[in-house]
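Okay, so here's the structure we're looking at.
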Amino acid sequence: SNDPHLGVRVPSIWYLNGLDAPGLRVVGASFPGFPGVIIGHNADVAWGLTNSPLDVQDLYRERLDEAGTSVEREGGWEPLQAHVERIRVKGGATQRLTVRRSSLGPLVTDFFAGYPEELALRWTALDEGDTTAAGLFGLMRAGSADEALESMRALVAPSQNIVYADVHGTIGWKAPGRIPRRGAFDGRRAGRGWVEADRWQGWIPFDE
């Protein structure tokens, strides 16, 4: 029994499935496009989840040079990266959107008014090295509550509340995910991309 706080809609967010393969027998609910079970159980372990309200996003003000191709950093300038997103539109022409990105994330200035500088979005879900899928596959194969908990180390984003139990009577709760440490900057305002002290100071360890 699990409440992921997502309402019924058509087409559905969730679909029920069962996977039976060598070394794997699991049933539950999944998203379209994910080749596995996100909420469910195997013969030994069951788990449920819903989003946790942890703060893993920050806006950062970015100062650009006159050419608009670099952002200010302590001690120099950092070139912006740019790539083109192609959005196919049914019955219409493909739209092309140029996305500019600093080391703090994509520039999202068009969505916010009132800032004199450009704005970058820092978000754990946009980082490279996301191993969340591997963590979910680990859950699917877990043979005990301890193995389920260990597999959660790989979950990055979005952070979840996860309840889990095994057939031996062990139950648990964990809120895994990559959660930033902040120094003097607390995230309640847009940070200064050109000030090193405003950046995230690593991650809260899984065991904490």
Hey, in the GNM for the chain with a 10 angstrom Cα cutoff, which one of L16, L59, L139 fluctuates hardest?
L16
Roll a 1.4 angstrom probe over the protein heavy atoms and tell me the percent of accessible area of the chain that is carbon or sulfur.
54
Two-decimal ratio, the range 65-126, of alpha-carbon radius of gyration to 2.2 N^0.38 Å:
1.33
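Based on the Cα coordinates of the range 1-44, what is the per residue volume of their convex hull in Å³? Present the calculation step by step, with values, prior to reporting the outcome.
Working: hull volume 3.2 nm³, N = 44.
Once divided by residue count, the hull of the range 1-44 is 74 Å³.
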Measure of compaction for the range 81-204 (Cα Rg per 2.2 N^0.38 Å):
1.41
Accessible area, probe 1.4 Å, largest first, for residues W123, W77, W194, W14
W77, W123, W14, W194
Under a 1.4 angstrom probe, counting protein chains only, how are D58, D130, D110 ranked by accessible area, largest first?
D110, D130, D58
Two-decimal ratio, the range 126-186, of alpha-carbon radius of gyration to 2.2 N^0.38 Å:
1.27
Computed accessible area, K174, all protein chains, 1.4 angstrom probe, square angstrom:
40
Considering only protein heavy atoms, with the full assembly of protein chains and a 1.4 angstrom probe, order R86, R199, R153 by accessible area, largest first.
R86, R153, R199
What is the projected area of the convex hull of the Cα atoms of the chain, averaged over all directions, in nm²?
15.5
Given the rule -39500 (n - 2.57) for each run of at least 4 DSSP H residues, summed and divided by the residues of the chain, what is its mean residue ellipticity at 222 nm, to the nearest 500 deg cm²/dmol?
-2500 deg cm²/dmol
³J(HN,Hα) across the range 73-89 via Karplus (A = 6.51, B = -1.76, C = 1.60, θ = phi - 60°), whole Hz, x for Gly/Pro?
9, 4, x, x, 10, 10, x, 6, 9, 9, 8, 9, 8, 9, 10, 7, 10
Once the whole set of protein chains is in place, how much accessible area is left on V26, using a 1.4 Å probe, in Å² to the nearest 10?
0
Can you work out the base-10 log of I(q)/I(0) for the range 36-100 at q = 0.18, 0.20, 0.27, 0.29 1/Å, using the Debye formula on its C-alpha atoms alone?
-0.86, -0.91, -1.13, -1.20
Over the range 140-191, with the other protein chains present, what is the accessible area per residue in square angstrom, probe 1.4 angstrom?
51
Just to verify a number: what accessible area does Y164 come out at with the full protein assembly present, 1.4 Å probe, Å² rounded to tens?
30
When DSSP beta bridges are limited to those with both residues in the chain, what percentage is antiparallel, rounded to the nearest 5?
95
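The values are calculated or read from the model by the stated rules, or taken from the named source; none is laboratory data. Remember, predicted model here, so these are calculated numbers, not experimental data. All accessible areas refer to the heavy atoms of the entire protein, side chains included, with ligands and DNA or RNA removed. Shrake-Rupley method; radii C 1.70, N 1.55, O 1.52, S 1.80 Å.
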